[in-house]
Structures are given as C-alpha cells and as structure tokens.
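Heads up, the thing below is written out as structure tokens.
We did not get these values from a lab; they are worked out from the coordinates using the rules stated. Just so it is clear, the structure is predicted and the values come from calculations on it, not from any experiment. In this analysis, Cβ positions are derived from the backbone assuming ideal geometry, glycine residues included, and neighbour counts consider all displayed protein chains.
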Amino acid sequence: MAYDYEKSIRPGKLPHIWCPGCGHGIVMKGLIRAMDTCGLEKNNTAIVSGIGCASRLPGYMDFCTLHTAHGRAAAFATGVKMAKPEMNVIVCGGDGDGTAIGGNHFIHACRRNIDMTYVLLNNHIYGMTGGQFSPCTPTGAKASTTPYGNPDPIFDISKLAIGAGATFVARTTAFHATQIDKLIAEGIKHKGMSVIEVVDDCPTTYGRRNKFRSVVDMMKVLKDTAVPVAAASKMTAEQLEGKILTGVLYQEDKPEYCAQYKQVIARAQG
Amino acid sequence: MSAKAEIEIIERYCKGCAICAEFCPTKVLEMDAFVVKVANADACIACNQCELRCPDFAIKVHKL
Ligand SMILES: Cc1ncc(C[n+]2csc(CCOP(=O)(O)OP(=O)(O)O)c2C)c(N)n1
Ligand code: SF4
Ligand code: SF4
Ligand code: SF4
Ligand SMILES: [Mg+2]
C-alpha cells in the first residue's frame with residue numbers, strides 16, 4: 001500500500017491549483033505526514049492561513065480551516081488558540097504573507113511563545129500576484145518590481161523568528177522531503193511557538209525571471225545549497241557563503257502564552 | 001533484477017514537472033510529453049523518493 005494522503009484532503013479537491021513543479025504541494029504532503037505522525041485529528045486541529053498561493057494550502061485540507069486576510073494568519077491563529085487552547089493550531093503561509101504585510105503579526109506571535117506551529121513556505125517571491133519582490137527575495141535577483149536586480153538585503157526568517165522569541169525554529173527545503181515531516185512533527189510536539197521554514201520554489205514567477213531552465217534546476221539548487229547544521233559547524237565562513245543551514249536551528253523551553261494567560265484569569269477571579 | 005515496488009501514475013493529476021524522473025536513482029521513470037511514464041519497471045528499488053517529491057499527489061509507490 002502506498003501512503004494514503006487523500007484521506008486528509010477534502011473530497012474532489014485534487015488536482016490542486018498550483019503550477020507544475022511548485023514546491024507548495026511537496027510541503028503539503030510533508031505536513032500531512034507530520035500530522036499523521038502526531039495523531040492530529042480533524043476535529044481537534046485548526047489550520048490557518050492568510051493570502052497567497054501558499055495560503056491556499058488549508059483549503060485542500062480536511063480539517064478545521066481558516067483562510068483569512070493577507071498577513072493576518074498569525075493573529076487569527078492566536079485568537080483560535082486563546083479561545084480553544086485544547087486545539088492544535090497550525091499556520092501555513094508564504095514569505096510575502098508572513099514577513100512583509102504580516103511581519104508584525106509574525107514577530108509578535110513569536111514573542112508571546114503561543115503554542116502553535118507556523119509552517120512558512122519561502123519561495124522568495126510574491127507568487128500569486130505575478131512575482132513582485134518580497135523581503136525574502138535574494139539581493140540581486142529579478143522580480144517584476146526589481147527588473148534591474150533587487151538592491152535589498154533579505155530577511156533571514158529563521159533568525160527573525162529566533163530573535164523575536166520563538167522557542168522552536170527549524171529550516172529545510174522542498175527537496176529534502178522526509179525532513180519536512182520530521183521537523184514539522186517536532187514543531188507540533190513542542191510546547192510554544194514553532195517556526196518551520198521550508199525553502200521551496202516558484203518556477204512560474206521566480207524561476208523564469210532568474211534564468212532557471214526548469215523546475216528540476218530549481219530543485220538541484222535547493223539540494224546543493226542546503227547544509228545540515230552539524231556539518232556547518234565544521235565548515236569555514238567561505239565554504240558557507242551562499243548556503244542555507246537546515247535542521248533544528250534553535251530550541252528552548254519557556255513559559256507558553258495560553259498557560260500564562262490562564263494564570264492571569266485565575267488572579268483576576270481572585 | 002525484479003521490481004521492488006509497483007509504480008502507479010495518476011495521469012489526471014500529473015503536471016509533467018519531471019521531478020520524479022530526474023531524481024529516481026535507478027532511472028525507472030521517463031517523461032512522455034506532459035506526463036511521466038514507467039519506462040524501466042524492473043529497476044525500481046522502492047526508495048519512495050519519487051512519491052515523496054511529487055508535488056501533485058500523482059505517483060504512488062506500492063511496495064511488493
Ligand atoms: C491587503 C492585501 N494586499 C495585497 C494583496 C495582494 N496579494 C495577494 S497574495 C500576495 C503575496 C503572496 O506572496 P506569498 O505570501 O509569498 O505567497 P506565494 O504566492 O508566493 O505562495 C499579495 C501581495 C491582498 N490580497 N491583500
Ligand atoms: S505562481 Fe508560483 S507559488 Fe503560485 S502556484 Fe505557481 S509556482 Fe506556485
Ligand atoms: S520508488 Fe525509487 S526507484 Fe522506484 S521509481 Fe520511485 S524513485 Fe525510482
Ligand atoms: S513529480 Fe508528479 S507531477 Fe511531476 S512528473 Fe512526476 S508524477 Fe508528474
Ligand atoms: Mg512567496
């Protein structure tokens with residue numbers, strides 16, 4: 001028997017809308033495997049997103065889902081978790097949704113260390129709207145809004161999450177499919193704010209403009225640029241130039257927000 | 001060599017991205033216009049990589 005993904009997908013929703021070779025489908029499969037590993041059920045799990053190609057992910061998933069406003073996924077997810085702390089809350093969304101318009105909500109969810117798992121699909125671009133640059137578009141890369149090359153430095157999402165206070169931060173790529181579910185499952189089990197950045201590809205609006213000949217070329221770059229954290233510790237700064245570290249980047253135990261808030265309620269009630 | 005798995009391709013879902021064919025370690029799969037096909041069934045070692053990386057839920061590895 002092959003793996004049964006379709007039990008987790010709303011009937012009649014496949015084929016999905018994503019372009020040929022779009023990494024978002026690989027991430028969705030990893031998420032399904034992680035949710036199976038952790039035994040998450042349809043009625044005790046909410047998957048929340050904002051707007052973008054990545055944010056369409058919950059629409060396929062046969063769970064409690066919430067497709068909200070652009071950049072607001074973390075805020076809505078915070079509301080769900082506060083109202084129903086017994087729910088497992090998962091957020092999915094893109095680099096644009098989570099670090100541009102939604103950057104503020106993202107950092108404050110990290111700061112509060114609220115118990116949710118944020119899967120951030122980083123394809124370095126605003127895919128849905130035709131390829132405008134995002135805070136994660138590499139310096140020098142072309143986007144519809146940076147036709148002469150992007151002058152901006154990037155946000156390192158994982159560093160941003162660690163700096164803002166998230167207590168489980170990990171990174172992998174769409175090429176490293178088995179690591180996607182392992183890291184998301186660890187994030188789900190972690191009590192507090194978990195951020196799993198999955199670097200993936202948008203062949204349609206990023207690949208073509210940046211001279212990738214094919215989806216396969218983009219996958220090869222993901223394969224070649226990823227360096228596991230353990231291996232990186234033995235490499236020189238020069239060898240690490242242009243590479244991305246993968247694996248668990250940060251983990252710590254700290255008081256979780258809903259638990260803290262419960263104490264506030266108890267104090268207020270005397 | 002005999003196949004370690006039977007590969008099922010759901011043509012209605014396949015978008016022809018070629019990821020599965022490119023990274024199959026034993027070159028079981030080949031592109032045929034806009035869908036993938038099994039060209040070398042006996043060589044399959046059931047490693048599951050094609051299924052794991054297919055973005056479109058279009059390929060299933062049934063272990064034998
Ligand atoms: C308030 C608001 N501003 C702008 C938009 C237009 N918009 C839709 S999706 C998107 C960017 C999505 O990029 P990302 O989150 O990286 O997702 P991707 O499509 O790359 O997966 C933008 C700017 C919108 N829907 N709402
Ligand atoms: S535009 Fe890009 S991100 Fe959106 S579905 Fe197509 S490949 Fe994926
Ligand atoms: S299971 Fe492995 S060997 Fe068999 S077709 Fe898929 S990638 Fe190739
Ligand atoms: S990876 Fe999936 S969608 Fe792409 S060619 Fe193979 S079966 Fe088709
Ligand atoms: Mg994006």
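Just a few scattered comments:
- Candidate aspartates and glutamates for bridging to A:K191, where Cα separation is under 17 Å - those fewer than 8 sequence places away on the same chain excluded: A:E86, A:D115, A:E252, A:D253, A:E256
- Taking A:P15, A:P85, A:P58 in turn, the Gaussian network model of chain A (Cα-Cα springs below 10 Å) assigns the largest fluctuation to A:P15.
- Here the gap between A:T225 and A:L240, fully extended at 0.36 nm per residue and compared with their Cα-Cα distance, gives a gain of 4.5 nm.
- Residue-span extension gain [A:H67 to A:K262] - 0.36 nm each, minus C-alpha spacing: 67.5 nm
- Taking label positions 7 Å along the Cα-Cβ direction at both B:E6 and B:T26, the computed distance is 1.7 nm, reported to one decimal.
- Highest GNM mean-square fluctuation among A:D115, A:D62, A:D181, for chain A modelled with Cα contacts below 10 Å: A:D62.
- GluC sites (Glu not before Pro) within the stretch A:160-245: DSSP coil, no more than 11 neighbouring Cβ in 10 Å: A:E241
- Cα centroid of the stretch A:78-123 to Cα centroid of the stretch A:197-270, whole Å: 14 Å
- In loop segments of chain B as defined by DSSP, the chymotrypsin sites (Phe, Trp or Tyr not before Pro) with at most 13 further C-beta atoms inside 10 Å of their C-beta are B:F34.
- Counting only residues at least eight positions apart within a chain, or on another chain, the lysines with an alpha carbon under 16 Å from that of A:K243 are A:K159, A:K220, A:K223, A:K234.
- Cβ-derived FRET efficiency at R0 30 Å, A:E6 paired with A:T178, nearest 0.05: 0.90
- Between helix A:257-268 and chain A: long-axis angle, C-alpha atoms, 0 to 90°, nearest 10: 30 degrees
- Sites excluded, trypsin sites (Lys or Arg not before Pro) in DSSP loops with at most 10 other C-beta within 10 Å, longest stretch of chain A: A:1-210
- Normalised by the number of residues in chain A, the average gap of Cα pairs under 8 Å and 6 or more apart makes the relative contact order 18 percent.
- Gaussian network model of chain A, springs between alpha carbon atoms under 10 Å - residue of A:G130, A:G103, A:G50 with greatest fluctuation: A:G130
- The loop-placed chymotrypsin sites (Phe, Trp or Tyr not before Pro) in the stretch A:143-209, going by DSSP, that have at most 12 neighbouring Cβ atoms within 10 Å of their Cβ come out as A:Y148.
- Theoretical FRET efficiency, 1/(1+(r/R0)^6), r = Cβ-Cβ of B:A41 and A:N43, R0 51 Å, to 0.05: 0.80
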